[in-house]
Each structure stands twice: as structure tokens, then as C-alpha cells.
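Scroll down for the structure; my scribbles are underneath it.
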Amino acid sequence: MTGLNKGNIKLFPDNKGWNACKRNAVKKAIALGTAFTLLTASCISCSPFNVEETSSNMQILEPEPAENLIRVGFSQLGSESKWRRANSISIKDALTVDNGFFLQFNNARQTQENQIKAIRGFISQQVDYIAFCPVTEDGWDTVLREAKDADIPVIIVDRQVSADSSLYTTWIGENMRQEGENAGIWLSKKLEELGKSHDKINIIELLGTRGSSSQIGRSIGFDTVCDKHQNWVLLDRDDGDFTTAKGQEIMSGFLEKYDDIDVVVCQNDDMAIGAVQAMQDAGIDLYSDEKPIIISFDASRQGLEMVMQGIIDVDVECNPASGPQLSEVIHEMEQGNQVAKAYFMNEEVFTRDNASRFVDDRSY
Ligand code: AHR
């Protein structure tokens, strides 16, 4: 598969192409029933992606898909960051009618409750596959069991869940723990380069959505390296929910509280942009050697531009382009082929040395 590493691979043999048969049976039933279950016209917005898009406070409505299209219900957790918007576009671009899909795309606006509601809606519509990006790690067992009881395969995308792995078919996403560890390893080398390996280093962290696997993984990964350095002091950390506004707000608070911050770890570029704004407002010269070291994640276009300007010191990539892999996995399952239990996206680490080579190709 393109752009993927198979990791922790455990083959999953129980998808023997039965969905194609099930789809035909369901379609016959649908054909006898309602052609449209459209409840209110406002609930569906036409999109350039050949998808039916709903937001979570709306009822999921469904015009009948053409014969033989694979019906996928996708619950996106929200649109909190540029990364997330790129991920949604990647899914929509891949699961097109031309590619054999009828996609129902739901935006849960950052709440698990909305995601569970959307997934239950997909179950009651008997879609062929359910895919979702889970906002948090915990709390999915019940709804996943409901999907399993309804014989609908579930594919987890991006973040991970803590649920029993027999309740979903596969996961396609990013190695958050490795990302956090890469950030820590980079910092350790940088401090060595600066001759500061033994200095006291004061660190603050702007965390992503608390309880999400991206927040948990990046924190654990970074802490693993942090624990090896007695002289690294974690002054404070707070939840910035992966948004620019919260990043700015938290950073302003930290700057009022501490005047000796050496390193700022922002768990995504959107929060880093907010943090940089707060530093600028506080009169910090972002182009001087005296500024705090800034570590960020995602490697968006704006993030890489800030790396090239020397504002962000390192940007650890989180790859949002999982749409093609999702499409490929579903096509494999449709043919009755075995799929792996986990697929990791390829990811890089960007500094001033290599950012310029990649910035123009960034879609987000
Ligand atoms: O789960 C991926 C993370 O979620 C990205 O780092 C962040 O930008 C997004 O909101």
C-alpha cells in the first residue's frame, strides 16, 4: 500500500467478501421501500466530493445510492485544525463514486456523543462499512459492539481507541508515540549542539484534546525522553484542544506566570501559531537566539514556513492523507482478502535543513 507501513500486523480473516452479498440483499429491500428518506432538505449539503455530508446535530439522511456502490458511513471528529480539514479532504477525495463508493460523511464537532450518534445512524441504515476518527481513546466499546452485532466492519482512522481490538477490523493512522519521542530526541541533540546538555531546561507543553490518542501518545513519547534528562524540568502543561485560539490563550497565561521558559512544546501547528502570537504580543523577539525553542507537530505548510523562518525549530510530521489507504483497505475487504490489523502512515521530522524541500508539496 502506498505511504503505509504495516505494523503490529495480525491478519484478520473474517471478511470474506460477504459485504457484497449483503449489499445486494439490502439494496433489494431498499428498492422496495423508500427511494428517499430525506427528512429536511437542509440536512444535506451538496459537496464537490460526491458525498452526503451532515453535521451531528442533524438527522442523517440518505438518498438511495446507485447499485453496486459501496456504502461507507464516515464520522469525522471535527474541523479543529488545518490537519483535520486536510484529512477530511483526503477521505472525500478517495471515497468517490468514480472509485466505487457512496460516502456519508458526518462532522461530529469535537464531541464523542455526536460521533456515537452518527455511528448508530450508520448502523440503522445498514451501511456496508463504518469508518471514524475517534475524538478520544476511551468510551467506544458499546457502540463498536453494536456495529459488530449488526455485522458491519469498522475501520478506525487517525487516532486510536482503547477498546477490545476484536470489535473493529483495522486501524489506519499515525504513530503518535513515535512522534513525541522524535521531538524529545531532536531536543536532546539540539541542546547538545548548543552546549546546554547539562543546563537546567524549563519546558512547558500545550497539549492537544485531553484523552485523545494524539495527545496521550505524543505526551508519553516526549516524556520517555524527558525522563532520561534529570535537568529537564516540566514547568507546566495545559489542554489547548488543538486550536489556535486556545494555544494563544494558554501561552499568554504561561508567559504571565513564568519568565524563564526555555522550550515550548505545542502538540500541533495550530496551537503553535497561537503560541507564537502570544509571544509576539508579550514582546519576545522571535528571530533572536534568546527566544524559547519551539517544537511543533503536523508539519502543515504554515508550520514549515515558520520552520524556514527560524520561528519553529522542529516540526514533527503527522500525515493526514489516509483517504487512499482507507479506500484500498475497503476494496481489499470487498474482494475477500485479508487485511492487516494496523497500518501506519509514513512520517518525517522537519527542521531548517530540510523544510524548504517539502513546503511546496504541502496540501494543508
Ligand atoms: O489526531 C491528529 C491530530 O489532530 C493533529 O495533530 C491535529 O492537528 C489534529 O487536530
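Of all the numbered requirements in (1) touching a Ser or Thr at 6+ places or on another chain (Cβ under 8 Å); (2) more than 12 Å from the ligand (Cβ to nearest atom); (3) over 19 Å from GLN267 (Cβ atoms), TRP186 misses one, and that requirement is (3). With respect to ASP236, is the statement that it is assigned to a loop (DSSP other than H, G, I, E, B) and more than 13 Å from the ligand (Cβ to nearest atom) true? Considered against the rule, which asks whether it is assigned to a loop (DSSP other than H, G, I, E, B) and more than 13 Å from the ligand (Cβ to nearest atom), ASP236 comes out as no.
Working carefully through the options GLY274, GLY217, GLY247, GLY211, find the one that is of a type in the set (Gly, Ala, Ser), within 16 Å of the ligand (Cβ to nearest atom), open to solvent by less than 50 Å² (accessible area, probe 1.4 Å) and part of a loop (DSSP other than H, G, I, E, B). Give the derivation first.
On the way: GLY274 fails: part of a loop (DSSP other than H, G, I, E, B); GLY217 fails: part of a loop (DSSP other than H, G, I, E, B); GLY247 fails: part of a loop (DSSP other than H, G, I, E, B).
Being of a type in the set (Gly, Ala, Ser), within 16 Å of the ligand (Cβ to nearest atom), open to solvent by less than 50 Å² (accessible area, probe 1.4 Å) and part of a loop (DSSP other than H, G, I, E, B) holds for just one of GLY274, GLY217, GLY247, GLY211, which is GLY211.
In the range 77-196, counting only strands (runs of 3 or more DSSP E) that sit wholly within it, the ones holding 3 or more residues that are buried (at least 18 other Cβ atoms within 10 Å of the Cβ) and under 14 Å from the mean Cα position of the chain (by Cα) span 154-158, 170-173.
Looking for something more than 23 Å from SER213 (Cα to Cα) and either assigned to a loop (DSSP other than H, G, I, E, B) or without any contact (Cβ under 8 Å) to a residue 60 or more places away in the chain (or both) - is there at least one such residue anywhere in the range 262-269? Yes; the residues of the range 262-269 include at least one that is more than 23 Å from SER213 (Cα to Cα) and either assigned to a loop (DSSP other than H, G, I, E, B) or without any contact (Cβ under 8 Å) to a residue 60 or more places away in the chain (or both).
Just one of the listed residues (ASN231, ASN268) is in the same structural domain as ILE293 (by TED's automatic domain parsing) and open to solvent by 10 Å² or more (accessible area, probe 1.4 Å), and it is ASN231. For the range 55-76, give me each residue that is modelled with pLDDT under 95, in a loop (DSSP other than H, G, I, E, B) and on the phi < 0 side of the Ramachandran plot. Hits for the range 55-76 are SER56, ASN57, MET58, GLN59, ILE60, LEU61, GLU62, GLU64, PRO65, ALA66, GLU67. Note on the range 335-351: among residues that are assigned to a loop (DSSP other than H, G, I, E, B) and touching a Phe, Trp or Tyr at 6+ places or on another chain (Cβ under 7 Å), the one that is surrounded by the fewest Cβ atoms within 10 Å (Cβ to Cβ) is GLN338.
The values are calculated or read from the model by the stated rules, or taken from the named source; none is laboratory data. Treat the numbers as computed from the prediction; the structure is a model and nothing was measured. Cβ sites come from the backbone with ideal geometry, for glycine too, and all protein chains shown count toward neighbours. In case anyone asks, the SASA skips ligands and DNA or RNA and just uses the protein heavy atoms, side chains included. Shrake-Rupley method; radii C 1.70, N 1.55, O 1.52, S 1.80 Å.
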